[in-house]
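Engineer: Dumping the structure here so I can ask a few things about it.
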Amino acid sequence: MELIPLIADYWKMDGGVAFGVVPKTLWTKAYPEYQDNLIRIVTRCLLIKSGSSVILIDAGMGDKRDEKYYKWKYRSGSSGIPEALQRVGMRPGEVTDVLFTHLHDDHVGGATYIDERGCVSEVFPNATYWCSEAHWKWAQNSNARESAAYFSDNLDPLEKSGRLRLIAGEGEWLAEIQLRMFNGHTRGQLVPVIPAGKTKVVFAADFIGSKANIPDHYIPAVDIDPLTSMIEKEAFLAEAADKRYILMFEHDYYCEACFIERTGKGYVAGKELKLSELNLNS
């Protein structure tokens, strides 16, 4: 198995959104402010090669929105999952499976694009799409808190493709990947736990978006149920510390992945690393 991080987007977010009720005087010690309360973030997807399977986890925000939308996202630099794939010698047509941790626009928008006819087309014409059944149903009946994160032109083409598969619950998926489900950020978010040599890599998605989000109370303001987020996170971090999991961060500009350590005051980031440093044959 080969694990290849792919950065689809470079953008910025308000620190108050990223860390919720945590005061700026505290979160700036954990994650640097860029300017005007903004922090640098990325959308770091994951490509997994395993036998005949080429699996992509999440797809970035894509390019279908208007200029105002991307200005509001403060997106900059090279972006797009096709370009990220090209940088590692891959083409979108080679991807066999796309797993969406959830369907917020910065995770699913890059799976489709506007073609030369002005129609929405698939970026991954040969892929099977996967999402949790609970989250798909949740996204189809958008609530007032999350409505700005769901777009019909992101979701409808997946369903119309005939290759959308809905996952009923937790358990083993493709390539011995275990899927866990969490409900604090949004209902039915999937978190893949991937075998990696003697340990496992956890693609933490928006469950724990950055290293700075590890402490219990560093919960994003956009989580629909922050108390559930705290409970879910504390229980999972205990497991991650005990079993020496590696957490891979989807939105951390500075840290790709790290171990988790238990202290007398809770759980903290341990050794930082890049997935390229792993020996998956050991």
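So that you can scan it fast, the table gives a plain yes or no per residue for (1) in contact with a helix residue (DSSP H, G or I) (Cβ under 6 Å, 6 or more places away or on another chain); (2) crowded, with 20+ Cβ neighbours inside 10 Å:
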{"site": "200", "(1), (2)": "no, no"}
{"site": "208", "(1), (2)": "no, yes"}
{"site": "218", "(1), (2)": "yes, yes"}
{"site": "226", "(1), (2)": "no, no"}
{"site": "234", "(1), (2)": "no, no"}
{"site": "239", "(1), (2)": "no, no"}
{"site": "247", "(1), (2)": "no, yes"}
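Engineer: Go through the range 1-23 and give me each residue that's surrounded by fewer than 20 Cβ atoms within 10 Å (Cβ to Cβ) and outside any strand (DSSP E or B).
Structural biologist: 1, 16, 17, 20, 21, 23
Engineer: Residue check: is residue 31 farther than 30 Å from residue 194 by Cα and either free of Cβ contacts under 8 Å to residues at least 40 places away in the same chain or touching a helix residue (DSSP H, G or I) at 6+ places or on another chain (Cβ under 7 Å) (or both)?
Structural biologist: Answer is no for this residue.
Engineer: Which of the strands (runs of 3 or more DSSP E) found entirely inside the range 210-282 contain at least 1 residues meeting this: small (Gly, Ala, Ser) and under 28 Å from residue 11 (Cα atoms)?
Structural biologist: Result: 257-263, 266-273.
Engineer: Counting only residues that are crowded, with 16+ Cβ neighbours inside 10 Å and in a loop (DSSP other than H, G, I, E, B), which one in the range 148-167 is farthest from the chain's Cα centre (by Cα)?
Structural biologist: Only one residue fits best here, namely 161.
Engineer: Answer yes if at least one residue in the range 44-53 is under 17 Å from the mean Cα position of the chain (by Cα) and surrounded by 23 or more Cβ atoms within 10 Å (Cβ to Cβ), and no otherwise.
Structural biologist: There is at least one residue in the range 44-53 that is under 17 Å from the mean Cα position of the chain (by Cα) and surrounded by 23 or more Cβ atoms within 10 Å (Cβ to Cβ).
Engineer: Would you say residue 91 is more than 16 Å from the chain's Cα centre (by Cα) and without any contact (Cβ under 8 Å) to a residue 24 or more places away in the chain?
Structural biologist: For residue 91, the condition - more than 16 Å from the chain's Cα centre (by Cα) and without any contact (Cβ under 8 Å) to a residue 24 or more places away in the chain - is met.
Where a number appears in this text, it was derived from the coordinates with a stated rule and is not lab data. Here the structure is a predicted model, which means the values were calculated and not measured. Neighbour counts are summed over all protein chains in view; Cβ atoms, including those assigned to glycine, are modelled from backbone coordinates with ideal geometry.
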